[in-house]
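Scroll down for the structure; my scribbles are underneath it.
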Amino acid sequence: MGPALFIKMEEIHPQLKDFIVEYCSKYKIRKVDPYALNLDTSIDLDLDIFDIEIDLFIAEFAEKFRIDQSKFSWYKYGYPKGSASVNVIKAVFGYKSPWVKRLSNRIYKPKFRVSNLQDAVNTGKLL
C-alpha cells in the first residue's frame, strides 16, 4: 500500500474569520459560529447576506483589508438575491440539519463564498 494522502483544507485567515463574525453580529444578520466557517461557506446562502446588504458587506470588507475592488463585477458570480423558498425552509426547520442545507442548495445556488474573500485577501484584489 502506498503512503496515505492527507489533504489539509486551507484554513480561513483569522482576521477574515473575525471580520465575518463581527460583521454578522454588528448588523444582527445571524449568530455565526466561527468554528463552523470554512472556505466553502456561502456568503449569501449560509450567512444570509444578499441584496443591498452584500454591497455593504463587500465595501466594508474592501476597506478593512485594503482590497482593490475596481475590477470586481457581479457578472462573474451572479448577483445574490436570496430565495423566499429557502427562507421559509430555514424558518420552519432551522439550518443546522444536513438535509436542510442540501435542499437549500438545490433550490438556490450559492453565488459568493468565503474562498472568494480569502483569494482577495491573499492577492489584494477582488475579482
* Asked: Which residues make up the longest stretch of the chain that has no GluC sites (Glu not before Pro) in a DSSP loop with at most 15 other Cβ atoms within 10 Å?
  -> 12-127
* Asked: In terms of modelled amide H atoms, which long-range or inter-chain residues lie less than 5 Å from the amide H of THR41?
  -> VAL114, SER115
* Looking only at segment 72-115, which residues have a backbone nitrogen under 14 Å from a spot 7 Å from the Cα of LEU127 in the C-beta direction? -> 72-73, 76-77
* Where trypsin sites (Lys or Arg not before Pro) in DSSP loops with at most 16 other Cβ within 10 Å are excluded, longest remaining stretch of the chain -> 32-65
* Asked: How much area per residue is accessible in segment 1-126 when the probe is 1.4 Å and only protein heavy atoms are counted (Å²)?
  -> 67
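Are there DSSP H segments in the chain that both extend 15 Å or more along their axis (alpha-carbon positions) and score a mean Kyte-Doolittle hydropathy of at least -1.0? List them, or say none.
The qualifying helices are 14-26, 52-65.
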* Structure fact -> Non-local residues with an amide H under 5 Å from the amide H of ASP68, with H modelled 1.01 Å from N and Pro and chain starts lacking one, are LYS125, LEU126
* Asked: Just from the alpha-carbon atoms, what are the Rg and Dmax of the chain in angstroms?
  -> 15.6, 54
* Just grab the label-to-label distance for LYS101 and ASP40, each label 7 Å out from Cα along the Cβ direction, in nm (one decimal). => 0.8
* Asked: Quick one: length gained pulling GLN15 to PHE93 fully straight, 0.36 nm per residue minus the C-alpha distance?
  -> 24.9 nm
* Considering only protein heavy atoms and a 1.4 Å probe, what is the carbon-and-sulfur percentage of the accessible area of segment 10-64? -> 50
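The values are calculated or read from the model by the stated rules, or taken from the named source; none is laboratory data. Bear in mind the structure is a predicted one, so any value in this text is a computation, not a measurement. Note: ideal-geometry Cβ built from the backbone for every residue, glycine included; neighbour counts use all protein chains shown. To get the accessible areas, we keep the full protein, side chains included, count just its heavy atoms, and leave off ligands, DNA and RNA. Shrake-Rupley method; radii C 1.70, N 1.55, O 1.52, S 1.80 Å.
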